[in-house]
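Here is the structure we will look at, set down as C-alpha cells.
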Amino acid sequence: KNQVEQSPQSLIILEGKNCTLQCNYTVSPFSNLRWYKQDTGRGPVSLTIMTFSENTKSNGRYTATLDADTKQSSLHITASQLSDSASYICVVSLYGGSQGNLIFGKGTKLSVKP
Amino acid sequence: NAGVTQTPKFQVLKTGQSMTLQCAQDMNHNSMYWYRQDPGMGLRLIYYSASEGTTDKGEVPNGYNVSRLNKREFSLRLESAAPSQTSVYFCASSLGTGGAGTEAFFGQGTRLTVV
C-alpha cells in the first residue's frame, strides 16, 4: 500500500534553534516528493520539490534531502523563526497514472517558542 | 492574482441539509481537487478532475458529488449532510503534468460543521 509517514507528530523548539523533520514513504512508482507548509487556518503551500535524481534542495532556511534508495526524506530548518510555526506536510507523487495520485503524510506540527 | 478561491469560508449545516462548496482558479490549471482535512488524518482526496469534462472518485467520495463546470470552476455538493462530514474542506488545482506540474495550489479552506 502506498503510504507516507512523518515523524515526529509534533515538535516544540526555541526560536533560533535548528530542527529536522522526517518523512518515510512506500510509494511506487515514485515521481517526486514535495514538502508543504501549512499555517493555521490556511491551505498548504509548496516549499520544495525533489525528483528521483536530486539529493538536496534548499529554499532559504529550508533544506530538503532525499534518499531514494532508503525512501526517506528530511526537511531541515535553520535558525528557526516564530513564523516557522506551522504544520509541515510531506507529499509524494506517483509516476504516471491519474492526476489524483498525490499521497499525503499526516504532517508534523512545529511550534517555535520565543 | 487570486490563485484558488473557495466559498464560503465557514458554514454550519443541520443534519440532512444540502449545500454546494464553490471553487475557482485563475491559473489556467487543468487539474482540480477536493480534499477534506480532519485532525490526525491528514488530507484525504474526495474527488478530482484531471481535465475539463472529467471527474473521478478519490479515497473518500461517499456522500459527495462534484461538477467541473468549466476549466476554472469545480464544485463539491453535499446532498444530505451528516455529522461525519464535519471537516475542513480544501480545493486545489495543478497544471496536471509531471514534475513541476504536480504542484498543488490550495485555497483557504471551508470550515464546515454539521450539527
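Restricting attention to the stretch B:62-72, and to residues there that are surrounded by fewer than 16 Cβ atoms within 10 Å (Cβ to Cβ) and of a type outside the set (S, T, N, Q), which single residue is farthest from B:SER18 (Cα to Cα)? Talk me through it step by step, then tell me what you get.
Initially, the stretch B:62-72 is screened for residues surrounded by fewer than 16 Cβ atoms within 10 Å (Cβ to Cβ), giving B:62-63, B:65, B:67, B:69-70.
Filter once more, keeping what is of a type outside the set (S, T, N, Q): B:63, B:69.
Values: B:GLY63: 11, B:LEU69: 19 Å.
Among those residues, the one meeting the criterion is B:LEU69.
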(message) Within the stretch B:80-95, take every residue that is assigned to a loop (DSSP other than H, G, I, E, B) and surrounded by fewer than 18 Cβ atoms within 10 Å (Cβ to Cβ) and give me the one that is nearest to the other protein chains (Cβ to nearest Cβ).
(response) B:THR86
(request) Output the strands (runs of 3 or more DSSP E) that fall wholly within the stretch B:21-74 and possess 2 or more residues being touching a strand residue (DSSP E or B) at 6+ places or on another chain (Cβ under 7 Å), within 14 Å of chain A (Cβ to nearest Cβ) and closer than 11 Å to B:ALA92 by Cα, or say none. (result) B:31-38, B:42-49
(message) Among the residues of the stretch A:80-110, what is the count of those that are surrounded by fewer than 16 Cβ atoms within 10 Å (Cβ to Cβ), more than 12 Å from A:GLY16 (Cα to Cα) and modelled with pLDDT of 95 or more?
(response) 0
(message) If I filter the stretch A:44-52 for residues that are closer than 17 Å to A:ILE89 by Cβ, among the small types (Gly, Ala, Ser) and within 11 Å of chain B (Cβ to nearest Cβ), do I get at least one hit?
(response) yes
(request) Please work out if A:GLN6 is more than 25 Å from B:ARG111 (Cβ to Cβ) and either modelled with pLDDT of 95 or more or surrounded by fewer than 20 Cβ atoms within 10 Å (Cβ to Cβ) (or both). (result) no
(request) Under 6 Å between Cβ atoms, at least 6 apart or on separate chains: pull out the pairs that start in the stretch B:68-97 with a residue that is farther than 26 Å from B:SER51 by Cβ and end on any residue that is β-branched (Val, Ile, Thr) and part of a strand (DSSP E or B). (result) B:ALA81/B:VAL114; B:PRO83/B:VAL114; B:GLN85/B:VAL114; B:THR86/B:THR113; B:THR86/B:VAL114
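The values are calculated or read from the model by the stated rules, or taken from the named source; none is laboratory data. What you are looking at is a predicted structure, and each value in this text was computed from that prediction instead of being measured. Every residue, glycine as well, gets a Cβ built from its backbone with ideal geometry; the counts of neighbours run over all protein chains shown.
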